[in-house]
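What follows is a set of notes on a single structure, which appears directly below.
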Amino acid sequence: MHRFYRSANDTLELQLVGGELHAPHLRQGQVIDVAGMRASVIEANRDGPTRVSFHFDRRLDDPSTLFLAWRQDHLRRVEASALEATLCLE
């Protein structure tokens, strides 16, 4: 399960419940910058990150921001959760 917590207007924290991203080269404390976003590995085990913070260059409810999740064999739009709220995706 993927648990997303909106900790600020422009930040999501991802916790992988019962798993991890298979990326053993990504370690705790590592930061990855891409256009519009900075990802910081908060926690990791030997197989990869288990908790990651995503800081965006704009508010998550900005109309130009789109979140998608794979559901029922299709990519579907997911609304950003409210501030200090949690969204769980399986």
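Observations, loosely collected:
- Coupling constants for the range 45-61 follow from the phi torsions by the Karplus curve (6.51 cos²θ - 1.76 cosθ + 1.60, θ = phi - 60°), and in residue order they are 10, 5, 8, x, x, 10, 8, 9, 9, 10, 10, 9, 7, 8, 4, 5, 8 Hz; glycine and proline get x.
- Phi to ³J(HN,Hα) by Karplus 6.51 cos²θ - 1.76 cosθ + 1.60 over the range 70-86, Hz, x for Gly, Pro: 7, 9, 6, 6, 8, 6, 10, 5, 10, 6, 5, 5, 5, 4, 6, 10, 10
- In this Cβ point-charge picture (+1 for Lys and Arg, -1 for Asp and Glu), the chain has a dipole of about 80 debye about its Cα centre.
- Applying 0.36 nm per residue to the separation of Glu90 and Met1 and subtracting their alpha-carbon distance, the gain on full extension is 31.6 nm.
- Global form of the range 1-63, assessed from the alpha-carbon gyration tensor, a/c cut-off 1.5: oblate
- Accessible carbon and sulfur surface of the chain relative to its total accessible area, %, 1.4 Å: 50
- Surface accessible to a 1.4 Å probe, Phe56 within the full protein complex, Å²: 40
- Spherically averaged projected area in nm², based on the convex hull that wraps the Cα atoms of the range 30-90: 5.5
- Accessible area per residue for the chain, computed on protein heavy atoms with a 1.4 Å probe, is 67 Å².
The values are calculated or read from the model by the stated rules, or taken from the named source; none is laboratory data. This structure is a prediction, so every number in the text was calculated from the model and none was measured. Backbone-built Cβ (ideal geometry, glycine too); neighbour counts: all protein chains shown. Each accessible area value is taken on the protein alone, full model and side chains, heavy atoms only, with ligands, DNA and RNA left out. Shrake-Rupley method; radii C 1.70, N 1.55, O 1.52, S 1.80 Å.
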